[in-house]
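Here the structure comes first, spelled out in structure tokens, and everything after it is commentary.
The values are calculated or read from the model by the stated rules, or taken from the named source; none is laboratory data. Here the structure is a predicted model, which means the values were calculated and not measured. Don't worry about glycine lacking a Cβ; one is built from the backbone with ideal geometry, like all the others, and counts go over all protein chains shown. Quick note on the areas: whole protein, heavy atoms, side chains included, nothing else; ligands and nucleic acids left out. Shrake-Rupley method; radii C 1.70, N 1.55, O 1.52, S 1.80 Å.
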Amino acid sequence: MVLDAAGEPLRAAKIGRPRAGPGQVLVGVRACGVCRTDLHVVDGELSEPKLPLVPGHQIAGVVEAVGDGVLDVAPGDRVGVPWLGWTCGECRYCLAGRENLCDRARFTGYQLDGGFAEHAVADARFAFPLPAGYPDLQVAPLLCAGLIGYRSLRLAGDAERLGLYGFGAAAHIVIQVARWQGRRVFAFTKADDEAAQRFARELGAEWAGDALGPAPEELDAAILFAPVGELVPAALGVVAKGGTVVCAGIHMSDLPSFPYALLWGERCVRSVANLTRRDGEEFLALAPRVPVRTEVEAYPLEQANEVLERLRAGRVRGAAVLVVGDGP
Ligand SMILES: [Zn+2]
Ligand SMILES: [Zn+2]
């Protein structure tokens, strides 16, 4: 499924099978998660995609071939390919263990062709071994919703009372980790989104309700998955002194101005950008211990456009995943 230009639907196309170059692996894609970031790419809110582009950055598949110099991945290995697809290894961020901020980073399904296809090529260093016990369909959403959610949770700090704004793919994973860690979780959604509120309660939220209405009590941190700028002052108004508001998405509508009093008291607003390989290793080891169970809606690859529309309308329960071929 190919994006030719921002704002256009994806086009089903026959393209040549890519080849694994030096340091790369050729992955036979089994399943690929659909993320809100894919929507931002297709809509042109992320403005520098390669074109034409195969989107998709939550790839679960099997290695079919390896390029020169690849030693620790072999054909037949099951791997997952995430959003972070390549880093330079030599800029000040890479050298400081902050490769998520690499000046020259390249991203899967954005600057590199991704997983809305039967095959994908990936840098072997960024192809994670996948935990056993997870079918392809269930493991795919761990690769972005899970990873970015996990990094967001880490950056939320030592919060006992955690608010999750927007209850989609990432939140439904983060809540399971947060509950397992013994935190109390509160879910903030659109006022009338009773399906999402019910889903959040089923997964252990002790309260779920309107993101712009009154909260039941103070929070120690909030993670914003919904890309809506007005939620920043709303969340700041709910977190206690010293609390953090983490903006987890790659794109967000403009933040409205707000009184300094909302930030006063050492409250903090921060974004989360991308992931590091260390996040991937940590989270993919943690997920089976919780154990995180992903709830997925599966669709054939050819329905990518319909799935993006479902996501846009907020109608996906849990995570949406495209299945390639006969599927897992
Ligand atoms: Zn994503
Ligand atoms: Zn770098």
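Here are some notes:
- Here the contact order of the stretch 168-257, divided by its residue count and restricted to Cα pairs under 8 Å and six or more residues apart, works out to 23 percent.
- ARG92/GLU266 FRET efficiency (R0 45 Å; Cβ-Cβ; nearest 0.05): 0.95
- The residues packed around LEU3, meaning those with a beta-carbon under 12 Å from its beta-carbon, carry a net charge of -3 if Lys and Arg are +1 and Asp and Glu are -1.
- Taking 0.36 nm per residue of separation and subtracting the Cα-Cα distance, full extension of the segment from ARG154 to ASP68 would add 27.3 nm.
- Label-point gap, in nm, between GLU206 and HIS251 - each point 7 angstrom along Cα→Cβ: 3.7 nm
- Residues of the stretch 89-157: accessible area per residue with a 1.4 Å probe, Å²: 39 Å²
- Of all accessible heavy-atom area on the chain, the percent that carbon and sulfur account for (1.4 Å): 49 percent
- Potential lengthening between ARG312 and ARG11 on full extension [0.36 nm per residue; Cα-Cα distance subtracted]: 106.5 nm
- On full extension, the segment bounded by ARG106 and GLU302 gains 68.0 nm, given 0.36 nm per residue less the C-alpha separation.
- The chain - percent relative contact order, Cα under 8 Å, separation 6 or more: 20 percent
- Global geometry of the stretch 183-253, whether rounded, prolate or oblate, following the gyration tensor of its Cα atoms and the 1.5 cut on a/c: oblate
- In straight-distance terms, cross-link reach from LYS50 covers every one of the lysines whose alpha-carbon lies under 24 Å from its own, apart from those fewer than eight places away in the same chain; here that gives LYS14.
- Packing, as the average of other Cβ atoms within 10 Å across residues, places the peptides 161-173, 25-37 in the order 161-173, 25-37, highest first.
- In the chain, the longest principal axis of the Cα atoms and the axis of helix 169-180 are about 60 degrees apart.
- Taking all Cα pairs closer than 8 Å and separated by 6 or more residues, the relative contact order of the stretch 6-137 comes to 33 percent.
- Spin-label proximity, GLU48 to the stretch 94-111 - amide N less than 14 Å from point 7 Å beyond Cα toward beta carbon: 101-108, 110-111
- Dividing the summed helix terms, -39500 (n - 2.57) for each DSSP H run of n ≥ 4, by the number of residues in the chain produces a 222 nm estimate of -6000 deg cm²/dmol to the nearest 500.
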